[in-house]
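Q: Questions regarding the structure given below will be posed in turn.
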Amino acid sequence: MGIAVEVDGEGIAQVVMDNPPVNALTVAGWFELARALRELGERPEVRVVVLRAEGRGFNAGVDIKEMQRTQGFDALIGANRGCYAAFKAVYECAVPVIVAVHGYCLGGGIGLVGNADVILASEDATFGLPEVDRGALGAATHLARLVPHHKMRAMVYTCATATAEELHAFGSVLKVVPRDALKGEALALAASLASKSPTVMRAAKACLNGIDPIDVNKSYRFEQGFTFELNLAGAGDEARDAFVAKGAGRG
C-alpha cells in the first residue's frame, strides 16, 4: 500500500503507486513519491525507472477528502508543494522515466505523465484535468506536452478526457497495448534502455531537459498561484465541498 520501490539486478527500478480506492495521493504520498524518484536517480546502479500503479487506475490526483477535512490551508499548501515536488522529481530524475498508464489518469496524474520521458498506455487508459470542476487550476503545463495546444485548452475548460489512442495519434504515447500486457511492455522497454551505456543515458536525459523550450517547473508554479487565488476567493472550497457531498470520494 502507498508507494513501493523495487530495483532488479539489471538496474531497472519500479515505483508502484497503490493507494486504494482510486490512487489519489495524500500530501504525504506525493512527498513520498518525490523522495523515491529523487533517491533512485542518485543511485549509480539504477539505469531506468518504470512508474506504474496497481488498482483501478493510474492516478486520480490529490486526496480531496483530506483537503476538506483539514482546517485552514495546510492541506492545500501541502498538496501544491507535494505535487510540485513529485512532478519535478519525475522530470529531473537523472535516468529516463517510463510511465505505464492504465485506467484513468487525472489531475496530478497528468503532471507525472507529462513530465515523463516515455509513455506507454493500456487500451482503457484515459487522460484528463478535472481541475476547473474542482475549483482549481494546474498541470495544463503537462497536458500541453501530451496534446496539441487548442485541444489542451478545450480539455481544461470542459474537463473532458482524451483516450490513449488519441494521445498515440498525437505522438505523446509511444504504444497502446492490452491492459494485461502493459507491465510486461514497460519492463521490456526498460530492459532495452538499461542495456545501453548508463553514462550516455544520463547525459542524454540532462541534454534533453536542457533543450526543452519551456521551463516546466516554473510554468507549473505559475499555474499554482491561480489555485491559491481561487481558494482565497472561496471558489475552491465551494467546488470541493460539492464534490465530496456527491459521495465521489477521492479524486
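Q: Can you name every residue in the range 99-115 that is on the phi < 0 side of the Ramachandran plot and surrounded by fewer than 24 Cβ atoms within 10 Å (Cβ to Cβ)? Walk me through it before giving the result.
A: In the first step, residues of the range 99-115 are kept if they are on the phi < 0 side of the Ramachandran plot; the result is 99-102, 104-106, 108-115.
Tyr104, the sole residue that qualifies.
Q: Which ones in the range 59-86 are in a helix (DSSP H, G or I), of a type outside the set (A, V, I, L, M, F, W, C) and either closer than 27 Å to Leu40 by Cα or in contact with an Asp or Glu (Cβ under 9 Å, 6 or more places away or on another chain) (or both)?
A: Our first condition is that a residue be in a helix (DSSP H, G or I); within the range 59-86, this holds for 64-69, 74-86.
Those left that are additionally of a type outside the set (A, V, I, L, M, F, W, C): 65-66, 68-69, 74, 78, 80-82, 84.
Result: Gln68, Gly78, Asn80, Arg81, Gly82, Tyr84.
Q: Of everything in the range 116-128, what is free of Cβ contacts under 8 Å to residues at least 60 places away in the same chain and either surrounded by fewer than 24 Cβ atoms within 10 Å (Cβ to Cβ) or in a helix (DSSP H, G or I) (or both)? Give them in sequence order. Steps first, please.
A: Here is the first cut: in the range 116-128, the residues free of Cβ contacts under 8 Å to residues at least 60 places away in the same chain are 119, 123-124, 126-128.
Answer for the range 116-128, where residues must be free of Cβ contacts under 8 Å to residues at least 60 places away in the same chain and either surrounded by fewer than 24 Cβ atoms within 10 Å (Cβ to Cβ) or in a helix (DSSP H, G or I) (or both): Glu123, Asp124, Thr126, Gly128.
Q: Sticking with this structure for a sec: Tell me yes or no: at least one residue of the range 129-141 is part of a strand (DSSP E or B) and either at pLDDT below 95 or within 23 Å of Ala235 (Cα to Cα) (or both). Working first, answer last.
A: Of all residues in the range 129-141, those part of a strand (DSSP E or B) come to none.
No, the range 129-141 contains no residue that is part of a strand (DSSP E or B) and either at pLDDT below 95 or within 23 Å of Ala235 (Cα to Cα) (or both).
Q: Out of everything in the range 205-227 that is in contact (Cβ under 8 Å) with a residue 12 or more places away in the chain and small (Gly, Ala, Ser), what residue ends up being surrounded by the fewest Cβ atoms within 10 Å (Cβ to Cβ)?
A: Among them, the one singled out is Ala206.
Q: Go through the range 195-242 and count every residue that is more than 30 Å from Glu10 (Cα to Cα) and either part of a helix (DSSP H, G or I) or at pLDDT 95 or above (or both). Spell out how you get there, then give the answer.
A: Step one: of the range 195-242, the residues more than 30 Å from Glu10 (Cα to Cα) are 213-242.
Still in the running and either part of a helix (DSSP H, G or I) or at pLDDT 95 or above (or both): 213-232, 235-242.
Number satisfying all stated conditions: 28.
Q: From the list Ala100, Ala89, pick out the single residue that is farther than 18 Å from Glu123 by Cβ and either in a loop (DSSP other than H, G, I, E, B) or not basic (Lys, Arg) (or both). Let's see the steps before the verdict.
A: Working: Ala100 fails: farther than 18 Å from Glu123 by Cβ.
Every option except Ala89 fails the conditions.
Q: Test Leu187 against the criterion of being of a type in the set (A, V, I, L, M) and under 18 Å from the mean Cα position of the chain (by Cα), and give yes or no. Give the derivation first.
A: On the way: of a type in the set (A, V, I, L, M): yes; under 18 Å from the mean Cα position of the chain (by Cα): no.
Considered against the rule, which asks whether it is of a type in the set (A, V, I, L, M) and under 18 Å from the mean Cα position of the chain (by Cα), Leu187 comes out as no.
Q: Let me ask something else. How do the pairs read when you match residues in the range 159-185 that are under 22 Å from Gly108 (Cα atoms) with residues anywhere that are among the basic types (Lys, Arg) and modelled with pLDDT of 95 or more, using Cβ under 7 Å and keeping only pairs 6 or more apart or on different chains?
A: Listed pairs, sorted by first residue: Ser172/Arg145; Lys183/Arg52.
Q: Something else about it: Could you please let me know if Arg56 is assigned to a helix (DSSP H, G or I), of a type outside the set (A, V, I, L, M, F, W, C), out of contact with any Asp or Glu (no Cβ under 7 Å at 6 or more places or on another chain) and at pLDDT 95 or above?
A: Details: assigned to a helix (DSSP H, G or I): no; of a type outside the set (A, V, I, L, M, F, W, C): yes; out of contact with any Asp or Glu (no Cβ under 7 Å at 6 or more places or on another chain): yes; at pLDDT 95 or above: yes.
It is false that Arg56 is assigned to a helix (DSSP H, G or I), of a type outside the set (A, V, I, L, M, F, W, C), out of contact with any Asp or Glu (no Cβ under 7 Å at 6 or more places or on another chain) and at pLDDT 95 or above.
Q: Residues of the range 25-43 being touching a residue at least 60 places away in the same chain (Cβ under 8 Å), farther than 19 Å from Asp117 by Cβ and outside any strand (DSSP E or B), which ones?
A: Hit for the range 25-43 is Trp30, nothing else.
Q: Within the range 144-194, work out how many residues are assigned to a helix (DSSP H, G or I) and of a type outside the set (Gly, Ala, Ser). Talk me through it step by step, then tell me what you get.
A: Our first condition is that a residue be assigned to a helix (DSSP H, G or I); within the range 144-194, this holds for 149-158, 164-170, 179-194.
Right, trim to of a type outside the set (Gly, Ala, Ser) and you get 149-153, 155-158, 165-168, 170, 179-180, 182-183, 185, 187, 189, 193.
Residues flagged as assigned to a helix (DSSP H, G or I) and of a type outside the set (Gly, Ala, Ser) within the range 144-194 amount to 22.
Q: Among the candidates Leu230, Leu193, which residue alone is more than 26 Å from Leu40 (Cβ to Cβ) and surrounded by 13 or more Cβ atoms within 10 Å (Cβ to Cβ)?
A: Leu230
The values are calculated or read from the model by the stated rules, or taken from the named source; none is laboratory data. Quick caveat, the model's predicted, so the values are computed rather than measured. Don't worry about glycine lacking a Cβ; one is built from the backbone with ideal geometry, like all the others, and counts go over all protein chains shown.
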